[in-house]
Amino acid sequence: FTSAFTVQQPLTSSVNKSTGTRKSSNLFSISYEQAYANLTPAPMPVPVNGAVGAVVEPMSTKRRPIVAGNWKLNPTSKTEAMDLLNGLKAANQGAGEGDVEVVVFPPLPFLSVAVEMLKGTGIKVGAQNASSFDKGAFTGEIAPSMLASAGCSYVLLGHS
């Protein structure tokens with residue numbers, strides 16, 4: 001699993017805007033090119049755990065497999081999203097208890113609805129994208145810490 005990474009430790013980090021290199025409080029530093037060098041074209045969910053610039057290590061082969069659904073730009077309304085979530089809940093009762101971890105990636109406007117409706121089901125909610133910045137004047141960007149505080153457990157990065 002050289003293309004899958006999991007967050008091991010939250011760090012304080014910053015990005016050098018001219019080089020794109022992220023530096024953290026424990027001297028961990030990695031360029032975006034290095035971070036993506038070992039990734040395969042297939043996207044992998046990356047746990048955010050509220051940490052930007054976290055230490056990443058290859059995932060253990062003992063980890064539970066993940067079955068994830070990226071909703072992309074679907075559905076088109078909150079009502080349709082709620083219908084889809086109700087159907088998912090009904091079809092996957094006890095999903096969090098089994099051998100497979102289930103994750104959904106709805107569009108940003110429906111994240112809070114998904115988090116609320118899937119509480120207690122074992123189904124995780126993730127975001128479809130996240131910024132490399134913690135804060136600042138970056139219109140339209142969403143920091144991983146914002147996603148974590150909204151209840152997201154995962155984020156898709158480097159996908160089409």
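Please compare each pair in LYS62/LYS119; LYS72/LYS119; LYS89/LYS124 to a cut-off of 19 Å on the Cα-Cα distance and tell me which ones are over it.
Values: LYS62/LYS119 25 Å; LYS72/LYS119 22 Å; LYS89/LYS124 11 Å.
Flagged as over cut-off: LYS62/LYS119; LYS72/LYS119.
In what sequence, highest mean first, do 64-76, 120-132, 140-152 appear when ranked by Cβ atoms within 10 angstrom?
On the way: 64-76: 12.5, 120-132: 19.1, 140-152: 17.4.
Ranked by mean Cβ neighbours within 10 Å, highest first: 120-132, 140-152, 64-76.
Write down the accessible area per residue of segment 108-154 in Å², having rolled a 1.4 Å probe over the full set of protein chains. The partial results should precede the final answer.
On the way: 2420 Å² over 47 residues.
Per-residue value: 52 Å².
Each residue, LYS135 and THR76, gets one label point 7 Å from its Cα in the Cβ direction; the gap between the two is 3.9 nm.
At 1.4 Å probe size, what's the solvent-accessible area of LYS119? Round to the nearest 10 Å². Spelled out: LYS119, probe radius 1.4 Å, area about 130 Å².
The values are calculated or read from the model by the stated rules, or taken from the named source; none is laboratory data. Predicted model, so just to flag it, every value in this text is computed and none were measured. All Cβ positions, glycine included, derive from the backbone under ideal geometry; neighbour counts span all protein chains shown. The area values use the complete protein model at the heavy-atom level, side chains included, leaving out ligands, DNA and RNA. Shrake-Rupley method; radii C 1.70, N 1.55, O 1.52, S 1.80 Å.
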